[in-house]
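The values are calculated or read from the model by the stated rules, or taken from the named source; none is laboratory data. Because the structure is predicted, anything quoted here is derived from the model rather than measured. Cβ placement follows ideal geometry from the backbone for every residue including glycine, while neighbour counts extend to all protein chains displayed. These area figures cover heavy atoms from the full protein model, side chains too; ligands, DNA and RNA do not enter into them. Shrake-Rupley method; radii C 1.70, N 1.55, O 1.52, S 1.80 Å.
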Amino acid sequence: MKSTGKVTGIVSNLVTVECNGPVSQNEICFIKVGDTKLMAEVIKVNGKSAAVQVFESTRGLKNGDEVEFENRMLEVTLGPGLLSSCYDGLQNDLTTMTGVFLKKGEYTDPLNHEKLWDFTPLAKEGDKVVAADWLGNVKEGWLDHKIMVPFSFKGEFTVKCVAEAGQYNIDQTIAVLVNEEGEEVKVNMTQKWPVKVAVKGYKEKPRPNRIMETGVRVIDTLNPIAEGGTGFIPGPFGCGKTVLQHAIAKQGDADVIVMAACGERANEVVEIFTEFPELIDPHTGRHLMERTTIICNTSNMPVAAREASVYTAMTLCEYYRAMGLKVLLLADSTSRWAQALREMSNRMEELPGADAFPVDLSAIISNFYARAGMVVLNNGQTGAVTFLGTVSPAGGNLKEPVTESTKKAARCFYALEQNRADKKRYPAVNPIDSYSKYLEYPEIREHLAERIAPGWVEMVEKAKNIVRKGRDASEQINILGDDGVPMTYHELFWKSELVDFVILQQDAFDSIDALCPIERQRFMLELVLRICDAKFEFENFEECRNFFKELINTLRQMNYSEFHSEAFENYNNQINNILNNGK
């Protein structure tokens with residue numbers, strides 16, 4: 001029996017309901033407003049009273065309106081057709097809207113029920129299966145979309161029959177299973193799962209043991225993120241957080257990309273919608289959108305919907321991970337998710353924490369980040385969800401609660417610096433403050449030594465020390481003047497500038513420099529370190545000039561024949577400017 005209730009209080013989208021039966025935390029309910037129904041979620045239960053947050057505008061709502069509880073949590077529909085789609089946090093398909101905005105009480109179906117999919121069976125009669133085991137396969141774009149035993153099934157089942165290879169829609173039965181009590185259960189291509197509950201369809205969850213290659217040097221070379229790892233990108237507005245995320249989405253070594261725009265400005269969301277369908281995947285040569293799903297809630301949408309968007313995105317990622325795929329989740333921005341949590345906490349008059357955020361903010365963020373990771377499936381194959389979020393601290397203050405709480409949960413920290421952005425040194429990642437804790441993992445160090453070069457981690461630490469010493473030398477030169485410091489300070493400074501211009505800076509809009517494979521990164525770092533180790537003792541200035549000209553020619557010849565990009569010419573011009581000035 002479903003419980004009912006009546007509205008007794010309204011504060012924006014926080015509604016108090018007097019219940020006529022049992023309700024549970026995070027249960028979904030519908031509030032009748034005239035001829036429409038507004039979806040809401042229970043966020044607090046106190047005796048016979050429940051506080052619910054409405055996912056839409058509450059204009060027109062009044063005391064006494066009827067409420068019906070659904071005995072379920074907020075769920076998403078999982079099945080073929082999720083890729084290439086654009087949803088909001090409630091999984092409404094934004095491409096089928098009747099206008100510019102979703103109408104109040106309008107909920108669209110996330111999947112196409114008429115489209116036929118080419119089904120190939122993987123299980124056979126008599127097989128023993130459990131939740132998340134593969135029953136069949138359909139082609140979704142160029143990916144193998146596995147049809148699985150629903151995650152909600154408990155215990156062991158026996159396969160009674162599986163549909164033959166052919167074309168079926170998502171509602172047709174493709175398998176009949178028999179449970180331990182002898183009851184038959186029909187399975188089609190779809191299933192539902194609550195977004196705030198982590199999917200458990202795997203055997204074990206080991207530590208990450210290899211890196212995810214992004215093609216971005218400042219990440220892959222200096223502070224790599226693991227496949228199945230977590231990281232975040234904090235920085236002031238205008239420092240390039242979104243551009244860096246888009247570059248990683250385009251070039252990252254992942255099978256599926258999920259973009260979660262949580263409370264973003266509308267112009268940035270429009271940019272995603274217009275640019276992503278036109279981008280070409282450098283790994284496959286196909287459109288990037290074919291393996292991408294976008295979850296979008298702009299800053300003008302209700303608070304509850306903004307909060308739901310990150311959970312919906314993570315659930316979709318876990319679904320594809322259970323297929324043995326590598327999934328990359330990019331959330332922009334988790335600060336606005338935290339602000340939505342703060343808004344609801346304040347309306348419920350809860351005890352505030354630092355900067356009025358909820359007291360349990362750190363626990364909420366940690367629980368969410370913990371859902372990422374690499375897993376071993378029931379059949380022994382592996383899948384991974386790599387999570388990289390952005391944080392937009394007010395005024396660029398990296399000591400504020402959201403950044404500090406995220407730093408406790410994430411293993412990679414890519415701090416964007418306003419000073420580097422002002423100098424147009426992109427990506428504006430501070431190489432000194434940023435770090436990757438995965439470099440401490442023995443499994444990752446062994447993988448780097450095997451994948452790139454023996455002693456790679458030591459080479460990376462050496463490059464970081466050059467940059468660190470160069471920064472210290474630069475500060476001394478600025479304070480004491482060029483003639484007030486020894487020549488070794490200038491040498492340290494220019495060595496760090498060489499590492500900066502060649503390794504740290506990268507043109508995301510250049511056809512060649514935008515994607516830098518690991519092999520090229522190894523060559524560039526080894527060459528830069530050889531130059532930094534060299535003893536520059538020239539008898540005259542002409543000998544010095546000839547050395548640098550030879551260096552430029554070596555770079556042209558060895559660093560890929562096509563590497564005559566705009567970025568390389570910038571490096572070349574910098575060196576020529578130094579030589580022509582006679583310094």
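Table for the structure above
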read-out	value
Whole-number D in µm²/s for region 71-174 (Stokes-Einstein; Kirkwood sum over Cα pairs; 10 °C, 1.306 mPa s)	102 µm²/s
Computed E for ASN576/LEU279 - FRET, C-beta separation, R0 25 angstrom, nearest 0.05	0.15
Cα-projected label distance for ALA356 with LYS2, points at 7 Å along beta-carbon direction, nm	3.6 nm
Accessible surface ranking that places the most exposed of PHE273, PHE368, PHE509 first, with a 1.4 angstrom probe	PHE509, PHE273, PHE368
Largest to smallest principal axis extent of the C-alpha atoms in the chain, angstrom	93, 56, 43
Table column - 3J(HN,Hα) (Hz), region 61-75, Karplus curve with 6.51, -1.76, 1.60, x for Gly and Pro	6, 9, 4, x, 5, 7, 10, 10, 8, 9, 6, 8, 8, 5, 10
Shape call, region 278-374: gyration tensor on alpha carbons, a/c limit 1.5	prolate
Full-stretch length increase - THR96, ASN465 - with 0.36 nm per residue and alpha-carbon distance subtracted	127.5 nm
Amide H contacts of THR108 (H built 1.01 Å from N, under 5 Å, at least 5 apart or other chain)	ASP93
Reachable aspartates and glutamates from LYS241, criterion Cα separation under 15 angstrom, eight or more residues apart if same chain	GLU264, GLU268, GLU271, ASP332, GLU417, ASP422, ASP507
Of the DSSP H helices in the chain, those whose Cα atoms cover at least 15 Å axially and whose Kyte score averages -0.5 or more	241-251, 303-321, 456-480, 487-499, 518-533
Probe 1.4 Å - accessible area at ASP433, Å² to nearest ten	80 Å²
Virtual spin-label span in nm between ALA394 and LYS32, 7 Å along Cα→Cβ	4.3 nm
Segment ASN267-HIS287, length gained on full extension (0.36 nm per residue, minus Cα span)	5.0 nm
D_trans [Stokes-Einstein, Kirkwood Rh over alpha-carbon pairs] for region 1-41, 37 °C, 0.692 mPa s, µm² s⁻¹	298 µm²/s
Computed E for ILE531/ASN20 - FRET, C-beta separation, R0 60 angstrom, nearest 0.05	0.20
Greater than 21 Å apart at Cα, pairs in LYS128/LYS205; LYS423/LYS495; LYS124/LYS200; LYS2/LYS32; LYS250/LYS408; LYS154/LYS192	LYS128/LYS205; LYS124/LYS200; LYS250/LYS408
Whole-Hz ³J(HN,Hα) from phi, Karplus 6.51 cos²θ - 1.76 cosθ + 1.60, for region 186-194, glycine and proline x	8, 10, 10, 7, 10, 7, 10, 8, x
Residues whose placed amide H lies under 5 Å from that of LYS326, excluding near-sequence neighbours	ASP255, VAL256, ALA384
DSSP beta bridges in the chain [antiparallel fraction, %, rounded to 5]	70 percent
Under-5 Å amide H pairs with ARG210, H placed in peptide plane, nonlocal only	GLU227
Histogram of C-alpha separations across region 377-416, 5 Å bin width, %	5, 17, 27, 16, 8, 8, 7, 6, 4, 1
Förster radius 22 Å - calculated FRET efficiency between LYS408 and VAL197 (Cβ-Cβ, nearest 0.05)	0.45
Distance (nanometres) between label positions extended 7 Å along Cα→Cβ at VAL178 and GLU491	8.2 nm
Added length on full extension, which subtracts the Cα-Cα distance from 0.36 nm per residue, ILE512 to PHE548	10.6 nm
